[in-house]
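Here's the structure we're looking at; comments come further down.
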Amino acid sequence: MPRSGPWSQVTAHHNLGWVYWTKEDLEQALEQFELTVKIAPRFRTESQTAKAGIVMTLHDMGKTPQAVAYAMKSRMEAVHPRENAEMDLALGRILAREGRLQEAREVLVNAARWPAKRRNGRIELAAVLVLLGRSHEALATIGKENGKLEDLRPIADLMQERGHMEYAGEIRNELLERAWND
C-alpha cells in the first residue's frame with residue numbers, strides 16, 4: 001500500500017524537481033525543490049537533498065553567486081555534518097567548475113566522509129586534487145585497490161593530461177592487472 005500524507009508529498013515534489021532538472025526545465029525544477037524544502041522541515045535528509053537541488057539548479061541557471069551563498073547558509077543550518085553530504089558534493093562540484101579548487105577540496109573532504117556520498121565524493125575530490133597538482137593524494141583518496149574501473153579511468157586520464165605520468169601509470173597497471181585476472 002503506497003504511503004500517503006506529508007512523506008508522499010515530499011517525495012513527489014522532490015522527485016519531480018529532479019525530473020525537471022534532468023529535462024533542463026530549470027524554473028520548474030527550482031519551484032519543485034523550493035516546495036520540497038517548504039513542506040519537508042521535519043524530513044531533514046530530503047530537505048537537505050532538495051536544497052542541494054536548489055544549489056545545482058541556481059548554478060545551472062547562471063546564478064552561481066546565489067547558489068554558493070545558498071549552499072553556505074544551508075551548511076550552517078545543518079544539525080550534523082553528515083546532513084551536508086549531498087550539499088557538499090553539489091557545492092564542491094560548483095566550486096571546482098569555478099576554479100576555486102582549494103575551497104572545493106575542503107568541501108569535498110566532508111562529502112567523501114559519509115557512506116551515502118563516499119564514492120562520488122572521493123571521485124570528485126580526487127579530480128580536484130589532480131588539478132591542484134597533488135596526484136599522490138588523489139591516488140590515496142580513490143584507493144586504487146578498492147576503486148571501481150569506471151571511477152579509475154577518468155582519474156588516470158586527468159593525471160595523464162596534467163603530466164602526472166607516474167601516477168597515471170600506477171592506475172593503468174592496476175586496470176590491466178584486473179582485466180587480466182577477470
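Coordinate-derived values only; no laboratory data. Not measured: the values here are computed from a predicted model. Glycine gets a Cβ as well: all are built from the backbone with ideal geometry, and neighbour counts include every protein chain shown.
Between Lys38 and Thr11, the distance separating the two model label sites (each 7 Å from Cα on the Cα→Cβ line) works out to 2.2 nm.
Give the shape of region 14-72 as rounded, prolate or oblate, defined through the alpha-carbon gyration tensor: a ≥ b ≥ c are the square roots of its eigenvalues, a/c under 1.5 means rounded, and otherwise the shape is prolate if a/b is larger than b/c and oblate if not. It is oblate, given that a/c is not under 1.5 and a/b is not larger than b/c. The base-10 log of I(q)/I(0) for region 6-134, evaluated at q = 0.18, 0.20 Å⁻¹, reads -0.93, -1.12 [Debye formula, identical scatterers on Cα atoms, solvent excluded]. When the chain is treated as a Gaussian network with alpha carbon springs shorter than 10 Å, the biggest mean-square fluctuation among Gly92, Gly133, Gly121 belongs to Gly133. Modelled spin labels at Glu31 and Arg113, positioned 7 Å past Cα toward Cβ, are 3.8 nm from each other. Ordered by the count of other Cβ atoms within 10 Å of each Cβ, fewest first, Met72, Met56 give Met72, Met56.
For the pair Trp180 and Leu132, a Förster radius of 30 Å applied to the C-beta separation gives a FRET efficiency near 0.40, rounded to the nearest 0.05. Neighbour counts of C-beta atoms inside 10 Å place Glu34, Glu177 in the sequence Glu177, Glu34, starting with the fewest.
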